[in-house]
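Notes to accompany the following structure.
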Amino acid sequence: MKQIPVYLFTGFLEGGKTRFMQETLEDKRFNSGERTLVLMCEEGIEELDPSKFSSKYVYIQSVEDFDDLSPEMLTDLVKKHRAERVLIEYNGMWLLSDLARVLPKEWVVYQEFMFVDARTFLPYNANMRTLMVDKLTTAELVVLNRANDSIDKEEIHKIIRAISRRCNIAYEYADGHVEYDDIEDPLPFDMDAPIIEIGDDDYAIWYRDMSEELQKYAGKTVRFKGIVARNARLPEGIFIAGRHIMTCCVNDIEYSGLVCKWDKANTLSQRQWVMVTASIEIRFNRIYGDKGPVLTILDVQPAEKPEKEVATFY
């Protein structure tokens, strides 16, 4: 099955998505004759101007309602135009998880960019946190347009980094110059300590960082507080220790646990709070269904639940 590369442009109305797509299509290094399907899922003030780029093999399709999207409809569009790739300007009020559900299996997101008006970033985050998190989680680059000297870069950086530690952050000013975020972003725990102490407020950050850079934790020893999860399906000598993590709202709270090996696992109780000290080995485990952190227990002690039972990123 031949893959169809998808270039995804996300963000909110008047954030600059259409202008960036216009510039992309005007760039002859990108638009050099490939058959390209462009899906416009949001109607803003700006529109694509095909007269300014080579449009012979560029096919623009408007999508007004999310319910119009389906794997069959999208596959038919690719077949109709014999498209080799797809550009999507995604509606900021639609969830990316819904898009993933309707994309044909052979469509693969190659690059994902998010565009936001720097002046409205903080109000949007305050009032539409779920939608903001949805777009930031998988973006490779966040472009904050219409930047000026009055915006709070420290607060914007904090919010973005709480959601994603990997994406690049760029500020575009009215005169056209671009500045990249260079704020240092140290982890709130010492990676070089003999025992990495994970504070009660830092579990979510630690869990995400380990998920993103798994190998750097190989051979490390950690100490953290977590809730025990045990059931009859777990192998003997295995338990799970973790915390409930909230990314943006109560609807997405999820237990995020780690596989622990201990010959006294059967002495622990379901939902018991414990302080775990363990060494980390990165290897395949069927509970993860992939390689992941397998913790060999060095010490387990009963613990009081933290002040905030649900771990957050902020």
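Which whole number in µm²/s is D for the chain by Stokes-Einstein, with the Kirkwood Rh taken over Cα pairs at 37 °C and 0.692 mPa s? Taking Rh from Cα pairs, D becomes 148 µm²/s. Semi-axis lengths, largest first, of the ellipsoid equivalent to the stretch 88-212 are 26, 22, 14 Å, with √(5λ) applied to each eigenvalue of the Cα gyration tensor. The label point for Ala100 and the one for Ala174, both projected 7 Å from the Cα toward the Cβ, are 3.9 nm apart.
Mind checking the full-extension length gain between Lys216 and Val310? Use 0.36 nm per residue of separation minus the Cα-Cα distance, one decimal, nm.
31.3 nm
Taking a sphere under 13 Å around the Cβ of Phe113 and counting the other residues whose Cβ falls inside, with K and R at +1 and D and E at -1, yields a net charge of -2. Scanning the chain for trypsin sites (Lys or Arg not before Pro) lying in DSSP loops with no more than 13 further Cβ atoms inside 10 Å, the longest uninterrupted stretch between such sites is 167-232.
Here the stretch 131-182 is treated as an ellipsoid with the same Cα gyration tensor; its semi-axes, largest first and in whole Å, are 19, 11, 10. Which lysines have a Cα lying under 25 Å from the Cα of Lys28, excluding residues fewer than 8 positions away in the same chain? By straight Cα distance, Lys28 reaches Lys2, Lys17, Lys52, Lys56, Lys79, Lys80.
Mean 1/r over all different Cα pairs, inverted: what Kirkwood radius does the stretch 73-126 give, in Å? It is 13.5 Å.
With helices as the sole contributors, the chain gives -6000 deg cm²/dmol at 222 nm; each DSSP H run of n ≥ 4 counts as -39500 (n - 2.57), and the sum is divided by every residue.
Taking the longest Cα principal axis of the chain as reference, the axis of helix 203-212 is set at about 60 degrees.
Backbone amide hydrogens, once placed in the peptide plane, bring Arg35 within less than 5 Å of Glu84, excluding anything fewer than 5 places away on its chain. Amide H contacts for Ile169 (H built 1.01 Å from N in the peptide plane; partners 5 or more residues away or on another chain; cut-off under 5 Å): Val142, Asp181. In the stretch 173-314, a dipole from Cβ-located charges (positive for Lys and Arg, negative for Asp and Glu) runs towards its positive end, and of Ala265, Thr247, Pro293 it is Ala265 whose Cα lies farthest in that direction. Database remark: amide H of Lys220 closer than 5 angstrom to the amide H of Ile280 (H placed geometrically; neighbours at sequence offset of 5 or more, or on other chains; Pro and chain starts carry no H).
Against the main long axis of the alpha-carbon atoms of the chain, helix 17-26 sits at an angle near 60°.
Using the alpha-carbon positions of the stretch 63-158, Rg (one decimal) and Dmax (whole number) come out as 15.9, 49 Å. For the chain, the longest principal axis of the C-alpha atoms and the axis of helix 153-163 are separated by about 70°.
Note: relative contact order over the stretch 1-122, using C-alpha pairs below 8 Å and six or more positions apart, is 47 percent.
What are the semi-axes of the equivalent ellipsoid for the stretch 1-66, taken as the square roots of 5 times the Cα gyration tensor eigenvalues, largest first, in whole Å?
On the way: eigenvalues 75, 49, 25 Å².
Taking √(5λ) for each Cα gyration eigenvalue gives 19, 16, 11 Å.
Rule-based calculations on the coordinates, nothing more; no lab input. Nothing here was measured: the structure is a model prediction, and the numbers come from that model. Quick reminder, even Gly has a Cβ in these numbers, built from the backbone with ideal geometry, and neighbours come from all protein chains shown.
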